[in-house]
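Written out below as structure tokens is the structure these notes cover.
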Amino acid sequence: MTIGIISFALANSETTFASDHAPIVSINLFVALLCGCIVIGHLLEENRWMNESITALAIGVCTGVIILLTTGGKSSRLLVFSEDLFFIYLLPPIIFNAGFQVKKKQFFRNFMTIMLFGAVGTLISFCVISIGAIHFFKKMNIGDLTLGDYLAIGAIFSATDSVCTLQVLNQDETPLLYSLVFGEGVVNDATSVVLFNAIQTFDLSHINSTMALQYIGNFLYLFILSTLLGVLAGLLSAYIIRKLYFGRHSTDREVALMMLMAYLSYMLAELFSFSAILTVFFCGIVMSHYTWHNVTESSRVTTKHAFATLSFVSEIFIFLYVGMDALDIEKWRVISDSPGTLVGVSGILLGLILVGRAAFVFPLSFISNLTRKAPHEKVDFKQQVTVWWAGLMRGAVSMALAYNQFTSLGHTQLRGNAMMITSTISVVLFSTVVFGLMTKPLVRLLLPSPKHLTRTLSSEPSTPKSFIVPLIGNEGEPEADQNNRNARRPTSLRMLLTTPSNTVHYYWRKFDDAFMRPVFGGRGFVPFVPGSPTEQNGHQWQ
């Protein structure tokens, strides 16, 4: 599949070498670079500063320099950027694997906070960055930009880089922070893409309250339908595999069906103009809760590693390309007469990102803490700082949206557009390298006892199969803690905010046990039929 992706990209690639074998040479070089990223990343595994994203960026930049010298300054890359390559081939396995292996108990326990950060927070950040861009850039000589361009800048730089963040934080060491940052990143990406599409669709010359309400309604419509499509795709795969028992004859069919159903959900969302990111993410969650338990043991191992491998290679592919494209001579030549302006624009964008994220993380964390009863469930100030910092990195989504808005097939000759593309590249490189390098030490400084936090904040097992835990539930809590909760007399406001959440959890578990898992399968509900999977060591939930 990876070779197919590279071949697709090379179909539109520039001729780097004057030879009939240019595509073959390019494929060999790019595959060799991917191998190099993996090897070097392994050697730097214990390094407290480096991560795979920074390693791939560095290798991409070094390779870009070599290609630039080899071609006499004509090109710095092996591929031409394509939004289709990113959104249709590289992003789906990353988001699906994140949903497939996320700790659902932590994710849904913090679902309201995640929605606050991911949806409301992104809108706040979008407003701050857009207003700041209009205020500062109109006073600078950066070229002709329209109102739509300024609003697009807000959407572009509101998109966090969940890929890089996932590699910095550890799901077992800091489960609360991981679920908040990761969940926010997925919803944030979806919200940013919806915002970006809305800017390109709506008539921005007549902005009024009706248009604002229309946008809000459109967002809710897309969010609900995208989520439902992903859930339905996951349930359909679970039902088919449970009824037909593919594993009796071939585990390959089980694995292939899971992969194709996940990809089909993504492409259907694209076809109907939904949020494909949300669709494939929730498809991954549903598949891990139902479908994964219906396949044979060998298929479980295969799917787990297959999805993780595809996601890993896609991540490396993206950052390797970004590193190469950072040296694209065409864009830099357009703005070569004003390097000071470029530095100023990049610095302003970084400042707006910092302010825009702080504008929602701390206020929304305060609101979220009102809904949490136990002290260990609250997001304290140090954790808020970590969440704020971990979401400052910008990456592939920002790059893809910027290319979509300011270039035509990766090329631009307009000063304003070239300025924004080069500024985006500068911000992505700086935030990924500098903020990425400092995130791990910051987490260790602010949260010096991750193992203690794991025991306190999560009752989930920290094992490679930790993603088989129940979707929602509070089993495993110490009895003393439950007695303390029963003895506590919360305030009226706190009771009003927390009671609905507990009710939803309780009724979902009963509904899942009574109706969903008997039909779609799942842990403890897989029939003991010859050739079908069995959960010998499993137990049914109470």
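Quick look at the numbers
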| quantity | calculated |
| --- | --- |
| Selected from 101, 132, 147, residue furthest toward positive end of dipole (region 96-168; charges at beta carbon) | 101 |
| Highest to lowest packing among 53-64, 182-193, scored as the average C-beta count within 10 Å | 182-193, 53-64 |
| Ranked by how many other beta carbons lie within 10 Å on average, peptides 113-121, 265-273 from highest | 113-121, 265-273 |
| Where labels lie 7 Å past Cα in the beta-carbon direction, separation of residue 507 and residue 297 in nm | 4.0 nm |
| Distance between modelled label sites at residue 42 and residue 144, nm, 7 Å Cα→Cβ extension | 5.4 nm |
| Charged-residue dipole, Cβ positions (Lys, Arg, Asp, Glu), region 84-451 about Cα centre, Debye nearest 20 | 1120 debye |
| Partners for residue 105 among lysines (Cα-Cα distance below 19 Å; same-chain residues under 8 apart left out) | 304, 373, 378, 451, 465, 510 |
| 5 angstrom amide H check on residue 275, placed H, neighbours 5+ away | 226 |
| Alpha-carbon centroids, region 254-277 and region 345-396: separation in whole Å | 32 Å |
| Förster-model FRET efficiency, 30 Å R0, residue 239 and residue 112, C-beta, rounded to 0.05 | 0.50 |
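Readers should treat all values here as calculations from the given coordinates under stated rules, not as data from a laboratory. Since the model is a prediction, treat every value here as computed from it, not as a measurement. With ideal geometry, Cβ positions are generated from the backbone for all residues, glycine too; neighbour counts draw on all protein chains shown.
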